[in-house]
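No value in this document is a laboratory result; all are computed from the given coordinates. If you're wondering where the values come from, they're calculated on a predicted model, not measured in any experiment. Counting neighbours? That spans all protein chains shown, and the Cβs are built from the backbone with ideal geometry, glycine included.
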Amino acid sequence: MQESNDYSVSQNNGGAKTESPEARPNGSSGTAQPSEEAPVLPPAALRGNGDDLLAHGESETDSLHSGGPVAQIATAGVDLSGVTPISELIRWANGRIVTSRLAPYENKSVIHANSTGKTLNGPSYRVPPMSPGVYRSLVLPTAPKLFGSARQLFSAIAELLEKHVPLPKPERSLVSYWAMATWFADVLQLCPTLVVTGSGSAANLLLRTLVAVCRRPLLLADATAATLRALPLGELLPTLLMRSPQLSKQMIALLDDSTHPGYLVSSGKDFQQFYCPKCIYVGEDATSHLKSSNSIRIHVGGSITRSFSAPPTGDVITDFQDRLLAYRFLGRNKVISSNFHVSGFRPETSAIAEALGAAIVDDPEWQNGVTLLLKAHDEQSRVEHSSGTNGIVLRALLFHCHESNGEHVFVREIADTANRISSDDGESGKLSSEKVGHVLRNLGLYTRRLGSGGRGLVIDKQTQMRTHRLSHAYDVPKTEPACILCHPPKAE
Ligand SMILES: [Zn+2]
């Protein structure tokens with residue numbers, strides 16, 4: 001896969017004209033101080049013929065409508081037919097955060113106006129309450145800006161990363177997919193956590209560069225579980241960019257839980273949905289305890305020796321934020337109805353690939369690119385799965401299933417075999433018989449007392465079947481070529 005710019009997106013986005021520099025809003029006017037409660041302007045109230053743009057905050061517009069900044073952005077060649085209005089948080093040049101409504105207008109332009117605080121046919125939308133520190137540092141777009149195609153935007157993100165972060169190309173691409181997915185976290189079924197290892201300075205460059213290209217980024221240092229609960233995560237849905245070399249068990253559990261939408265967490269007075277995209281730097285080469293089923297690992301630094309630019313400037317950040325806002329607006333419904341499916345991976349990896357691919361709009365080839373990048377991740381995930389405690393115990397039990405002839409096996413024998421397998425794998429940990437008994441019970445394999453020799457399993461047909469089914473699910477290697485349960489005859 002190559003990062004070319006010469007691709008023309010399907011008729012939907014083809015020919016999207018690049019915006020002229022004047023199309024950028026210049027912030028609100030110094031005089032009028034429009035309110036975020038201002039009414040949505042009907043299209044008829046807009047000046048111009050639909051092809052030019054009314055600058056954000058023009059005083060005439062303000063005096064005409066007292067509705068605050070309004071912009072109409074020509075979108076010649078862009079098919080707006082499937083696009084529905086959305087409300088978004090926007091930051092004005094004076095630092096104020098407002099809700100802004102984006103709506104298609106007569107299939108030839110996008111109107112961008114102050115929101116009434118309600119989405120059309122939708123729930124009310126407000127600026128979520130947040131602490132002054134968060135309010136000041138939250139990075140937001142200023143106005144939508146045309147972006148070309150998904151692939152052009154992707155390439156621009158990858159180039160930005162190349163300029164600022166010591167990151168090999170495959171990782172750069174993976175991070176670019178992830179960054180684009182953060183713009184659709186509200187409509188994706190999951191948002192994988194980006195877990196970063198490597199040098200602290202390289203990780204710092206990555207996190208600070210991601211500020212430009214993620215939706216609603218917040219840089220956090222030393223965040224604790226209490227910090228996270230205090231943020232309006234549910235309503236704001238920020239992208240958390242965290243430096244947390246020391247993750248407590250509680251944090252790990254909380255972070256793992258926040259990968260999928262829908263779960264509520266108590267934040268003291270109230271409950272809120274605890275879900276948002278996250279990129280977490282966990283240290284030099286720390287083995288992260290975050291579940292690999294929910295995360296993608298990236299190693300920064302390494303052997304790259306050339307020097308890298310300082311993090312992107314404010315102008316560059318705004319430019320990316322504005323283009324990505326338009327991308328979200330135009331692509332959101334297509335992401336919702338995405339039918340991008342991935343097979344051949346472990347189910348968890350497929351889910352990650354589908355989420356990242358769905359965020360690439362109108363470009364099936366580029367969508368597929370993410371599956372190539374996740375191959376290594378999938379292999380790693382298989383190994384981890386089968387080398388975890390459940391996997392080791394199943395490997396041991398499968399061995400006994402193949403050895404015993406309809407007899408029984410004691411739990412201590414399974415433990416001995418499991419420990420032999422672990423030490424063959426170079427692992428030092430030892431499993432007690434008690435622990436193995438727990439693992440078996442959790443897997444639905446119930447031991448019983450077998451005379452004076454202690455507890456064990458009777459290797460009957462049912463146990464054989466169950467062990468094989470679980471072994472398959474845990475990617476336990478099939479070591480017995482003659483076993484018909486390991487290698488069922490293929491149905492014609
Ligand atoms: Zn078998």
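Computed values, structure above
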| quantity | calculated |
| --- | --- |
| Calculated FRET efficiency for the pair residue 126/residue 199, C-beta based, R₀ 35 Å, to 0.05 | 0.30 |
| Kirkwood hydrodynamic radius of segment 183-333, Cα pairs, Å | 16.2 Å |
| Computed lengthening from residue 189 to residue 430, 0.36 nm per intervening residue step minus Cα-Cα distance | 83.0 nm |
| Length gained when the stretch residue 487-residue 376 is fully extended (0.36 nm per residue, less Cα-Cα span) | 37.4 nm |
| Computed over segment 150-378: relative contact order in percent, which uses C-alpha pairs under 8 Å that are six or more apart | 30 percent |
| Potential lengthening between residue 136 and residue 442 on full extension [0.36 nm per residue; Cα-Cα distance subtracted] | 105.4 nm |
| Relative contact order of segment 392-471, defined on C-alpha pairs under 8 angstrom at six or more residues apart (%) | 40 percent |
| Rg/Rg_globular for segment 130-177, with Rg_globular taken as 2.2 N^0.38 Å and Rg from C-alpha atoms | 1.50 |
| Assigned charges on the beta-carbon of Lys, Arg, Asp, Glu; segment 388-473 dipole about Cα centre (debye) | 380 debye |
| Rounded if a/c under 1.5, otherwise prolate or oblate - segment 423-492, Cα gyration tensor axes | oblate |
